[in-house]
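One structure is given here, and the rest of the page talks about it.
The values are calculated or read from the model by the stated rules, or taken from the named source; none is laboratory data. Because the structure is predicted, anything quoted here is derived from the model rather than measured. Backbone-built Cβ (ideal geometry, glycine too); neighbour counts: all protein chains shown. Side chains included, ligands, DNA and RNA excluded: accessible areas come from the protein's heavy atoms. Shrake-Rupley method; radii C 1.70, N 1.55, O 1.52, S 1.80 Å.
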Amino acid sequence: MTAQQRALIVEAHDLSFRWRPRDPDVLTIDALEVRAGERVFIEGPSGSGKTTLLNLLAGVLKPSAGLLLVLGQDLSGLPVRRRDSFRSDHIGFVFQSFNLMPYLSLIENVLLVCRFSPRRRERIAAAGRTPEEEARRLLAHLGLDAQDLAGRGVNQLSTGQQQRVAVARALIGQPELIICDEPTSALDADAREAFLTLLRAETDAAGASLIFVSHDRALASGFDRTITLQAINCGGKAG
């Protein structure tokens, strides 16, 4: 099957977003498509709209106008609670600051999304594992021994270790779409490359599509396609 024959995971047309009804558009995209299993790198400087776009794709924000389909679901027509449920079931999000819970253990941080997603729990059960077994398996694949680190709070982990916990949380239960918002900004060059290699391998193994945004164009190698956000965003400045 060629790339063009794969199912569309993301489909956006005439998409726009503004913060308030009378404000100008901060993001206006004529068309954007991402297909199943595709790895897409989106590059743009600060203020070009990267985070705004990711929050629209994840259903955190609602489009002001236009069509936005994720896995065939029109997110613009869903109320907040339905968008939250859809995101929990189908989208893994790796935030720039990782957003780990300091009062939860390493394993509990990975399992957090499963508490809100029966669909992820069902996928794990279908593979013959419990959620905790799957969390430990993912962490091991990402180079972390949950037993050795069990006595540490997540705020006691190194930046690279926290990053891998965040990725395990995004991947657990095999969501169809993984979104990464500048997760390598705090890493040195060697650590960034090692992390990207691992992330690509894990998303490939899960059969997930990967959308990775960064201001650093040097990270684009190894992705199927690179999009410059400034070239597709016809709107104004955004976050």
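Summary table
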item: Subset of region 155-170 (residues that are open to solvent by less than 10 Å² (accessible area, probe 1.4 Å) and either within 23 Å of Ala36 (Cα to Cα) or touching a helix residue (DSSP H, G or I) at 6+ places or on another chain (Cβ under 6 Å) (or both)); result: Val165, Ala166, Val167, Ala168, Ala170
item: Restricting region 1-20 to residues that are modelled with pLDDT under 90 and open to solvent by 60 Å² or more (accessible area, probe 1.4 Å), the residue that is nearest to the chain's Cα centre (by Cα); result: Arg6
item: Residue check, Ile107 in contact with a helix residue (DSSP H, G or I) (Cβ under 7 Å, 6 or more places away or on another chain), more than 30 Å from Ala140 (Cβ to Cβ), open to solvent by less than 50 Å² (accessible area, probe 1.4 Å) and of a type in the set (A, V, I, L, M); result: no
item: Neighbours by Cβ (under 9 Å, 6+ apart or cross-chain): first from region 106-123, more than 16 Å from Arg87 (Cβ to Cβ); second among the basic types (Lys, Arg) and open to solvent by 30 Å² or more (accessible area, probe 1.4 Å); result: Leu106/Arg152; Ile107/Arg136; Val110/Arg136
item: Members of region 77-86 that are open to solvent by less than 50 Å² (accessible area, probe 1.4 Å) and either closer than 19 Å to Leu210 by Cα or small (Gly, Ala, Ser) (or both); result: Phe86
item: Single condition Asp74 does not satisfy, out of (1) of a type in the set (D, E, K, R); (2) in contact (Cβ under 8 Å) with a residue 12 or more places away in the chain; (3) at negative phi; (4) surrounded by fewer than 22 Cβ atoms within 10 Å (Cβ to Cβ); result: (2)
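Yes or no, residue by residue, for (1) acidic (Asp, Glu); (2) open to solvent by 10 Å² or more (accessible area, probe 1.4 Å); (3) assigned to a helix (DSSP H, G or I); (4) without any contact (Cβ under 8 Å) to a residue 12 or more places away in the chain:
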{"position": "Ala140", "(1), (2), (3), (4)": "no, yes, yes, yes"}
{"position": "Asp148", "(1), (2), (3), (4)": "yes, yes, no, yes"}
{"position": "Ile178", "(1), (2), (3), (4)": "no, no, no, no"}
{"position": "Ala194", "(1), (2), (3), (4)": "no, yes, yes, yes"}
{"position": "Thr197", "(1), (2), (3), (4)": "no, yes, yes, no"}
{"position": "Ile227", "(1), (2), (3), (4)": "no, yes, no, no"}
